[in-house]
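Here is the structure we will look at, set down as structure tokens.
The values are calculated or read from the model by the stated rules, or taken from the named source; none is laboratory data. Keep in mind that this is a model prediction, so the values were computed, not measured. When we count neighbours, we look across all protein chains shown, and the Cβ atoms used for this are built from the backbone with ideal geometry, even at glycine. All accessible areas refer to the heavy atoms of the entire protein, side chains included, with ligands and DNA or RNA removed. Shrake-Rupley method; radii C 1.70, N 1.55, O 1.52, S 1.80 Å.
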Amino acid sequence: MDLTNQRRMAALIMKCGKNRVYLNPNNIEDIAEAVTRQDIRKLVNEGVIYPKQKIGISNGRLKARMAQKDAGKRKGHGSRKGSKYARFPKKRRWINTIRPIRRVLREYRDGGNISAETYRKYYRHSSGGMFRSIYHMKTHIKAEKAFIKSPDEGVN
């Protein structure tokens, strides 16, 4: 039985290639009788004709490898291609340091924990690279007794 027309119409209806169209061998007579698109659409809805699953390359091994890298494995000297600063640029490290420090300074100023003058002073210090982290800056402000009121415990 020649079912090329039915296969072609089914491919158009299911929006897939002709090779992916599966025609159930138990219902060949029903498929052969289907001559209009509406007949084919009915068979598709009944599950007599359906698209085969796409064949692709599995990402399972990649996901497993990336999970190991997230855990800090597979990152030794033999796996590295770029230089230290090509892999994690100095500018990106600076951005990751300065943005949180400036954010916390703003929160302290807006919350009334430090004065505007103190904010400006510590903003300039942080821009100069004086603080390694929020914690470092916070201990510095405490040591100089620059807090008007103690910041909330939720803020680092």
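Here are a few things to note about the model shown:
- Hull volume in cubic angstrom per residue (convex hull over the Cα atoms of the chain): 268 Å³
- Of all accessible heavy-atom area on the chain, the percent that carbon and sulfur account for (1.4 Å): 48 percent
- In this simple spin-label model, placing a label point 7 Å from the Cα along the Cα-to-Cβ direction at both residue 45 and residue 77 gives a separation of 6.8 nm.
- For the pair the stretch 32-60 and the stretch 90-140, the centres of their Cα atoms are 61 angstrom apart.
- Separation of the alpha carbons by more than 24 angstrom is noted, of 121/142; 84/142; 18/54; 15/54; 91/149; 63/91, for 84/142; 91/149; 63/91.
- With the convex hull drawn around the C-alpha atoms of the stretch 44-123, the volume per residue stands at 249 Å³.
- Take the stretch 5-156 with all the other protein chains still there, run a 1.4 Å probe, and you get 74 Å² of accessible area per residue.
- Rounded to the nearest 20, the Cβ-based charge dipole of the chain about its Cα centre (Lys and Arg +1, Asp and Glu -1) stands at 1660 debye.
- In a DSSP loop and with at most 11 other Cβ atoms within 10 Å, the GluC sites (Glu not before Pro) in the stretch 97-156 are 144, 153.
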